[in-house]
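Single-structure report; data block below.
The values are calculated or read from the model by the stated rules, or taken from the named source; none is laboratory data. All values reported here derive from a predicted model rather than from experimental measurement. Cβ: placed from backbone, ideal geometry, glycine included. Neighbour counts: every protein chain shown.
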Amino acid sequence: MHYEGTIIRPPSEANSILLQVTVGCSRNKCTFCGTYRGERFRIKSDDVVMEDIRFAATHCRRQRRVFLCDGDALIVPQRRLVSILQAIRAQLPWVTRVGAYANAKSLQLKRPEELEQLRELGLGIVYMGVESGDDETLTAINKGADAGRLSAMGRKAKQAGLKLSITVILGIAGRERSAVHARETGRVLSEIDPDYVGALSLMLIPGTPLHNEWQAGRFPLLEPQEMLCELRTMIAETHLSLGLFHANHASNYLPIKARMPKDKPAVLELIDRALAGRVSLKPEYLRAL
């Protein structure tokens, strides 16, 4: 396989064939993210991608899923994405699902019928970083989209029949807007009604603008108890018809996995016990990105 630069994938794609179709991220301006710093975004050549599919056909016969790397594979023009998915279907017939990262820009560029075409060809899930439902926070982290646009694009993916997994970040709003961030994020998640929500706890990466703000004393990093309060409010304000809300990433202080809405009361009670000191939190040295 021809890998270049930094390769990332969602935790749920740990056992997937990682097929890199782009290098870097088409946005690459978010203040908290250092993943692709210094990397110029580009779409890889069809020849290289097709060669990697042929390699997977021989060497990856036990893996049932494919994940299209990197930061925003859905930005690839429709004709090229269609040819990639057709090649996966033809040469990797045992693959049951293809996944990819998406953002508001790439989803907006795709017409509803184009998203439906991709779904019919095997694209089963897209992963979207919403981070926050608070417009002021989204502007501060240079997300490139407001809450209304993020909500509309998430619903667009769902309406096309795609599974949708959304990531939000605890602590990303700092201390002053923590409660607003939690409430508004719950509101946006309720509007979108995704299949999966993953809540990460902010970990500052040296060299990023947000880390520089923290070093300069202009951005406060929340304490573990404050992160838990934010998570509790966010879950309380999130109303999903049927979705999985998890905060079991390595960055989180309290691992949580809840099938909504039935597990919601039990999860809120667990957080309350943790806030009261009756449940131990993960020590700082065990947290990771």
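Brief remarks on what is shown
- Residue that is out of contact with any Gly (no Cβ under 8 Å at 6 or more places or on another chain) and either hydroxyl-bearing (Ser, Thr, Tyr) or surrounded by 20 or more Cβ atoms within 10 Å (Cβ to Cβ) (or both), where the choices are Val23, Val49: Val49
- Among the residues listed as Glu223, Glu191, the single one being among the charged types (D, E, K, R), touching a residue at least 12 places away in the same chain (Cβ under 8 Å) and out of contact with any Leu (no Cβ under 6 Å at 6 or more places or on another chain): Glu191
- Verdict on Ser12 being small (Gly, Ala, Ser), under 19 Å from Met128 (Cβ atoms) and assigned to a helix (DSSP H, G or I): yes
- Any hit, the range 85-92, residues being surrounded by fewer than 16 Cβ atoms within 10 Å (Cβ to Cβ), closer than 30 Å to Lys29 by Cβ and at pLDDT 95 or above: no
- Filtered by the rule that a residue be closer than 15 Å to Tyr3 by Cα and among the polar types (S, T, N, Q), the range 17-34 gives Gln20, Thr22.
- Test: residue in the range 248-257 that is over 14 Å from Val168 (Cβ atoms) and at pLDDT 95 or above: no
- For the range 200-217, the criterion of a residue being of a type in the set (Phe, Trp, Tyr), in contact with a Pro (Cβ under 9 Å, 6 or more places away or on another chain) and assigned to a helix (DSSP H, G or I) is satisfied by at least one position.
Okay, residues lined up against (1) touching a Gly at 6+ places or on another chain (Cβ under 6 Å); (2) in contact (Cβ under 8 Å) with a residue 40 or more places away in the chain; (3) among the polar types (S, T, N, Q); (4) surrounded by fewer than 14 Cβ atoms within 10 Å (Cβ to Cβ):
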site: Met227; (1), (2), (3), (4): yes, yes, no, no
site: Glu237; (1), (2), (3), (4): yes, yes, no, no
site: Gly243; (1), (2), (3), (4): no, yes, no, no
site: Tyr253; (1), (2), (3), (4): no, yes, no, no
site: Arg259; (1), (2), (3), (4): no, no, no, no
site: Ile271; (1), (2), (3), (4): no, yes, no, no
site: Val279; (1), (2), (3), (4): no, no, no, yes
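- Test: Ala100 is at pLDDT 95 or above, part of a helix (DSSP H, G or I) and small (Gly, Ala, Ser): no
- Test for Ala182: is it at pLDDT 95 or above, in a helix (DSSP H, G or I), out of contact with any strand residue (DSSP E or B) (no Cβ under 6 Å at 6 or more places or on another chain) and farther than 21 Å from Cys69 by Cα: yes
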